[in-house]
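Below is one structure, written out as structure tokens, with a few remarks after it.
The values are calculated or read from the model by the stated rules, or taken from the named source; none is laboratory data. The structure presented is a predicted model; accordingly, all values stated were derived computationally and were not measured. All Cβ positions, glycine included, derive from the backbone under ideal geometry; neighbour counts span all protein chains shown. Ligands, DNA and RNA are excluded from the accessible area calculation, which covers all protein heavy atoms including side chains. Shrake-Rupley method; radii C 1.70, N 1.55, O 1.52, S 1.80 Å.
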Amino acid sequence: MKIDLIEFRSTFESLLRHLDYNEIRDLLKFWTGSYTVPRQLYVETTATEGWLPQASTCHNTLKIPRDLIRQSETLLQRVRTALFYGNSGTGFG
């Protein structure tokens with residue numbers, strides 16, 4: 001599946017517009033392991049359709065399943081779910 005970067009950027013910007021301040025902070029913590037914005041952030045797509053977004057905090061990389069690239073509402077729901085479980089489970093001490 002070829003990824004349209006402009007469409008993906010639009011979907012990701014829509015996600016950020018719909019998150020409140022605390023959710024954006026939680027996304028940054030989920031993405032990087034810290035509330036401090038690093039010099040570089042990375043986003044990559046994965047072939048794991050139907051999964052929640054994941055993160056590799058060591059590499060400041062947010063991993064978005066490819067099936068969410070064109071589905072801004074579903075991306076928003078799955079990011080919120082990932083943040084909820086990340087916040088209540090391991091990884092957020």
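For this structure, a couple of remarks:
- Candidates are the residues of the range 35-68 that are part of a loop (DSSP other than H, G, I, E, B) and β-branched (Val, Ile, Thr); the one that is surrounded by the fewest Cβ atoms within 10 Å (Cβ to Cβ) is THR36.
- For the range 44-51, the count of residues that are acidic (Asp, Glu) and within 11 Å of the chain's Cα centre (by Cα) is at least one.
- Condition broken by HIS18, with the remaining ones in (1) closer than 14 Å to LEU75 by Cα; (2) in contact with a Pro (Cβ under 6 Å, 6 or more places away or on another chain) satisfied: (2)
- One residue stands out in the range 1-13 among those that are within 12 Å of the chain's Cα centre (by Cα) and not hydrophobic (A, V, I, L, M, F, W, C): the one that is modelled with the lowest pLDDT, namely THR11.
- Hits in the range 69-85 (condition: within 8 Å of THR11 (Cβ to Cβ) and assigned to a helix (DSSP H, G or I)): SER72, LEU75
- Selected residue (criterion: modelled with the lowest pLDDT) from residues of the range 21-48 that are of a type in the set (A, V, I, L, M, F, W, C) and in contact with a strand residue (DSSP E or B) (Cβ under 9 Å, 6 or more places away or on another chain): ALA47
- Residue count for the range 69-88 satisfying the condition of being open to solvent by less than 60 Å² (accessible area, probe 1.4 Å), closer than 23 Å to ILE6 by Cα and in contact (Cβ under 8 Å) with a residue 60 or more places away in the chain: 5.
- Flag if LEU28 is touching a Leu at 6+ places or on another chain (Cβ under 6 Å) and surrounded by 15 or more Cβ atoms within 10 Å (Cβ to Cβ): no
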